[in-house]
Structures are given as C-alpha cells and as structure tokens.
Amino acid sequence: MVGRSVLVTGGSGGLGGAVVSAFVEAGWRVVVPERKARPGSEPAADVVRLVADLSDPADVARAVEVAAGEPAAPLRAVVNLVGGYASGGLVHETPVEDFERMLAVNLRPTYLVTQAALPHLMSAGDGAVVCVSARAAVAPFAGAAGYATAKAAVLAFANTVAVEYRHRGVRCNTVLPSVIDTPANRAAQPDADHSRWVTPAEIAPVIRFLASADSAPTSGATVPVYGRA
C-alpha cells in the first residue's frame, strides 16, 4: 500500500490507536484530525495529525485537503471512527436535545467527512470508505434510543454511499462492533465479563482489509465484529 493515504477520524480514541497502527504497519500515510492537540501527537513521517472540528464543514474540508494533498500518496480511503455513546432513560424520558446530540456526534461527522472526500476518492479510481456503526443499530437495547438510532443512520448512510458510488470507483462498507474492550468501557462496566468483548486489535485488521484492494469486490457489506459478546 505504499503511496496511499487514509484519513482516519477518531484516530486518537480507544479504537483509533489500533486502526492507525494497522495502516502504518501496512505502509499507508495516515492523516488523523483531532479536536485538540494532544501531548505526544507531534507529526511523524507516516502519521499526519491536525486539529479540526469534524462537525464544522470548513474544518472538515481543510482536513480532507491535507489528506489529499500529497501527490505521491493520493487519498484512497476514509475510515469514519468518530462517534460517541450516552445512555439515558426510555424514549418518553429522553429529552429531544439528548436524542439529537447522539445524531450530531455519530452521524454528522461521518456525513461531512465522507461527502468532502468522495471527489478525491473518485479521482483515485479505487477509493474506499469504511464506517463504524454498532451492534445496537440492528439489535437495540433499552435506554439508548438516540445511540441506536444514530448508529442505524450511519449504517443506512454507508449503504446509500455504496449504492450511489459503486459505478464511480468508490466502495463503502460498515463494521458493527459489540462492546469494545477499551479502558473507558472497562471503567464504565467494571463488573462485566471483559473477556467476551472485542478488542481494538481484533477490529483494526478488519477495517484495514475493507479499505484495501484485497476487498475490491466488496461494497455495501455489514460486517459484525462482536467477539464473544
């Protein structure tokens, strides 16, 4: 994959570090937009970090231009990891503002980044988009109407991109994790059986495969990555 760039949103999160490492190991140039600069996030030869608010179209456009700005490594893939979870009450107990916040956190960045990157991916001729939804999109649980709806919307959006761009040289696939074994999730659920959760190291190769030419015949796939949960 030498000479290819990938834009990874959410690259500093619990899953993001493993995904960034997976692409670096495969020789990709990786561009990681972050909401704020972090200690230890200085630029490296193969990882380009920049500060960007991915809910803002202007910041998104700037991040995509950086990702597509290296002629020797054209933008060939986008990985939409950015998102978030918040629990709540039942639907009649959930303020509409909390419901809409889940859509803003999970769907808006995925839409904006994909929208901005598509012209570059079409120009590359073999571009790929990988979106991260969640098992809750197809198997909701009580107390998370906003989250489940937002992740279902991410899945529907990804499937729409797959249909609209299948003849334009761009593929789009989605992975659906169960609970990911991250420090934050362990802290939130200390009594859970963490051995059943899926790890970032298990998910990252699946995402890299879907972004690579090895999965060229595949678009519109919904890939469960549940571990043993």
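The values are calculated or read from the model by the stated rules, or taken from the named source; none is laboratory data. On a predicted model such as this, the values are computed, not experimentally measured, just so you know. Backbone-built Cβ (ideal geometry, glycine too); neighbour counts: all protein chains shown. Calculation scope for accessible area: heavy atoms of the full protein, side chains included, ligands and nucleic acids excluded. Shrake-Rupley method; radii C 1.70, N 1.55, O 1.52, S 1.80 Å.
For the reader, a short list of remarks on this structure follows.
- Relative contact order (%) - criterion: Cα under 8 Å, at least six apart; region: segment 119-229: 33 percent
- Counting only protein heavy atoms and a 1.4 Å probe, the chain has 46 square angstrom of accessible area per residue.
- Around Asp214: net Lys/Arg minus Asp/Glu count, Cβ-Cβ under 12 Å: +1
- Here the relative contact order of segment 1-107, from alpha carbon pairs under 8 Å that lie six or more residues apart, stands at 31 percent.
- Kirkwood Rh (inverse of mean 1/r, distinct Cα pairs), the chain, angstrom: 17.7 Å
- Using C-alpha pairs under 8 Å with a sequence gap of at least 6, the mean separation divided by the residue count of the chain gives a relative contact order of 20 percent.
- Cα shape, segment 126-229, gyration tensor, a/c 1.5 rule: oblate
- What the Cβ-Cβ distance of Thr218 and Thr160 gives, at R0 = 22 Å and to the nearest 0.05, is a FRET efficiency of 0.85.
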